[in-house]
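Novice: Below: one structure in structure tokens.
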Amino acid sequence: MLRFTEQELEQMPLVDGAVAMTEAVDPHFPAGWVSVQLERLAQEAEHALMDEPDSYLRLEGLLRLFYREWGFIGDHEQYFSSDNVFLDKVLERKKGIPVTLGALFLFLAHRLDLPVSAVGFPTQFVLKVEWYGSAPQFINPFDGEYLSKHVMAAWLKGHKGPFSELRSEYFATAGNYDILARWLTVMKSALLREGLFTEALRCSDVVLGAFRPGDPHEIRDRGYIYQQLECSHAAALDYEYFIEQCPEDPAAELLKLQVKELNKEPLTLH
């Protein structure tokens with residue numbers, strides 16, 4: 001179970017919330033090692049850039065340091081790998097996805113007093129830079145390149161359809177709570193894809209315990225995980241909850257058949 005409240009998560013750096021979240025999912029996650037590595041990177045960035053009085057140049061220096069000198073980059077080859085959502089693996093491999101790379105960059109930017117914040121754009125995590133008196137700029141944390149709204153509009157159309165339009169709320173600063181909930185969803189999907197069902201179950205339990213209590217779709221997904229773990233009756237209970245809460249959902253009828261079959265199986269104590 002996540003040991004922090006929503007308010008406490010909002011008050012800490014996003015990356016610290018991610019460490020706490022991952023500890024709740026994986027008891028063997030090396031949180032101490034990750035914290036040491038984060039502090040090492042922050043000190044290196046401060047040593048290299050803190051004496052630069054121009055904030056614009058300090059940001060450009062951090063982009064150069066993070067993506068070119070240190071070599072952090074998005075993982076094009078294994079985008080959906082769980083290695084890209086666990087921060088220890090991201091720090092080891094210097095590869096990740098937008099939310100993990102973005103969380104690391106955001107942590108360093110704040111240590112350098114740079115006006116960078118998180119945006120939960122519908123297609124991916126994005127960084128927003130807000131200079132006084134200027135329109136916001138956006139950075140793709142996957143590669144450190146600046147994003148135009150034209151590109152982001154194209155992303156949106158590819159994600160939601162050709163008639164989708166940009167909305168102001170898509171560019172709003174996102175809180176840690178919402179970002180971490182999305183991060184957990186990505187983590188769970190990666191674990192399921194790799195057949196790591198015990199870890200995926202812990203992930204689902206954290207989502208339900210701290211972020212989406214009683215969410216029928218999350219409980220349906222947990223039922224699927226229970227089914228893969230051969231916990232038939234627990235799976236049936238979760239599917240029944242979903243059917244009760246979402247009777248009009250297209251999946252409900254199929255799940256009714258699943259429940260009948262699952263309830264035929266003998267009760268197994270795990």
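Novice: Count, please, the residues in the stretch 107-137 that happen to be under 17 Å from GLU60 (Cα atoms), within 21 Å of the chain's Cα centre (by Cα) and open to solvent by 10 Å² or more (accessible area, probe 1.4 Å).
Specialist: Of the residues in that region, 4 qualify.
Novice: Check ARG220, ARG182, ARG212 and return the single one that is among the basic types (Lys, Arg), open to solvent by 20 Å² or more (accessible area, probe 1.4 Å) and out of contact with any helix residue (DSSP H, G or I) (no Cβ under 6 Å at 6 or more places or on another chain).
Specialist: Answer to the selection: ARG182.
Novice: Might you check whether a residue that is open to solvent by 20 Å² or more (accessible area, probe 1.4 Å), among the β-branched types (Val, Ile, Thr) and part of a helix (DSSP H, G or I) occurs anywhere in the stretch 29-42?
Specialist: yes
Novice: Could you check the stretch 157-176 and list, in sequence order, the residues that are surrounded by fewer than 19 Cβ atoms within 10 Å (Cβ to Cβ) and in a helix (DSSP H, G or I)?
Specialist: LYS157, GLY158, HIS159, LYS160, SER168, GLU169, TYR170, PHE171
Novice: Might you check whether a residue that is touching a Leu at 6+ places or on another chain (Cβ under 6 Å), of a type in the set (A, V, I, L, M, F, W, C) and surrounded by fewer than 18 Cβ atoms within 10 Å (Cβ to Cβ) occurs anywhere in the stretch 144-154?
Specialist: The answer is yes; a qualifying residue exists.
Novice: So which residues in the stretch 11-28 are in a helix (DSSP H, G or I) and open to solvent by less than 80 Å² (accessible area, probe 1.4 Å)?
Specialist: LEU14, VAL15, ASP16, GLY17, ALA18, VAL19, ALA20, MET21, THR22, GLU23, ALA24, VAL25
Novice: Kindly indicate whether GLY161 is small (Gly, Ala, Ser) and modelled with pLDDT of 95 or more.
Specialist: Taking the combined requirement at face value, the residue does not satisfy it.
Novice: What are the residue pairs meeting all of these: first residue in the stretch 5-23, first residue under 13 Å from VAL206 (Cβ atoms), second residue of a type in the set (Lys, Arg), Cβ atoms under 9 Å, and 6 or more apart or on different chains?
Specialist: Listed by first residue and then by second, the contacts come to ALA20/ARG3; GLU23/ARG3.
The values are calculated or read from the model by the stated rules, or taken from the named source; none is laboratory data. Predicted, not measured: the structure shown is a model, and the values here were computed from it. We place every Cβ from the backbone using ideal geometry, glycine too, and count neighbours over all the protein chains shown. To get the accessible areas, we keep the full protein, side chains included, count just its heavy atoms, and leave off ligands, DNA and RNA. Shrake-Rupley method; radii C 1.70, N 1.55, O 1.52, S 1.80 Å.
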